[in-house]
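The next block holds one structure in the form of structure tokens; read it before the comments.
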């Protein structure tokens, strides 16, 4: 559109007749006055039609670009909605908040305080986290194998050992799904 305007402006000004006003005859006039002379400018109707065609073409391109932008925005929104809805959210953090042990046998540590349990994978009664979604999980301890749906994760207190904790929750057990597989 900018190019069309410049062509049109150059065309109009090149075909103008300019008069320089004499300030001695007219003290208020100190500017050069230009008036287009369409009769003598050599303007052909073909040139005018060409310029009008360029203007219409530019307007059509602008309209098509606006439509493309709107379609892309709708596609992006649909993609964002489908992506966020498809990703399951799984994660938990539990705390002991009291000392445990020593005990004479190996036991599963049952963390009695649930700080968060998104997806309800941690069982407060058993102390076991059950992966309800297959995927790659992160736990706050190192683990050698990948988890599958139905796998159980828990911490164990060995016989005659103890775990110290208090109301400050120094001893916690956490895990969350990084991404599904």
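The values are calculated or read from the model by the stated rules, or taken from the named source; none is laboratory data. Keep in mind that this is a model prediction, so the values were computed, not measured. All Cβ positions, glycine included, derive from the backbone under ideal geometry; neighbour counts span all protein chains shown.
Given the conditions (1) without any contact (Cβ under 8 Å) to a residue 12 or more places away in the chain; (2) at positive phi, and given that residue 53 satisfies all but one, which numbered condition is not satisfied?
Result: residue 53 passes all but (2).
Take residue 86 and tell me if it is over 30 Å from residue 169 (Cα atoms) and touching a strand residue (DSSP E or B) at 6+ places or on another chain (Cβ under 9 Å).
In short, yes.
Being loosely packed, with under 14 Cβ neighbours inside 10 Å and outside the structural domain of residue 175 (by TED's automatic domain parsing) narrows it down to one of 81, 148, so name that one.
After ruling out the rest, the residue left standing is 81.
Check residue 167 against each of (1) touching a strand residue (DSSP E or B) at 6+ places or on another chain (Cβ under 7 Å); (2) surrounded by fewer than 13 Cβ atoms within 10 Å (Cβ to Cβ) and name the one condition it does not meet.
Status for residue 167: all satisfied but (1).
So how many residues does the stretch 167-179 have that are under 22 Å from residue 106 (Cα atoms) and part of a loop (DSSP other than H, G, I, E, B)?
2
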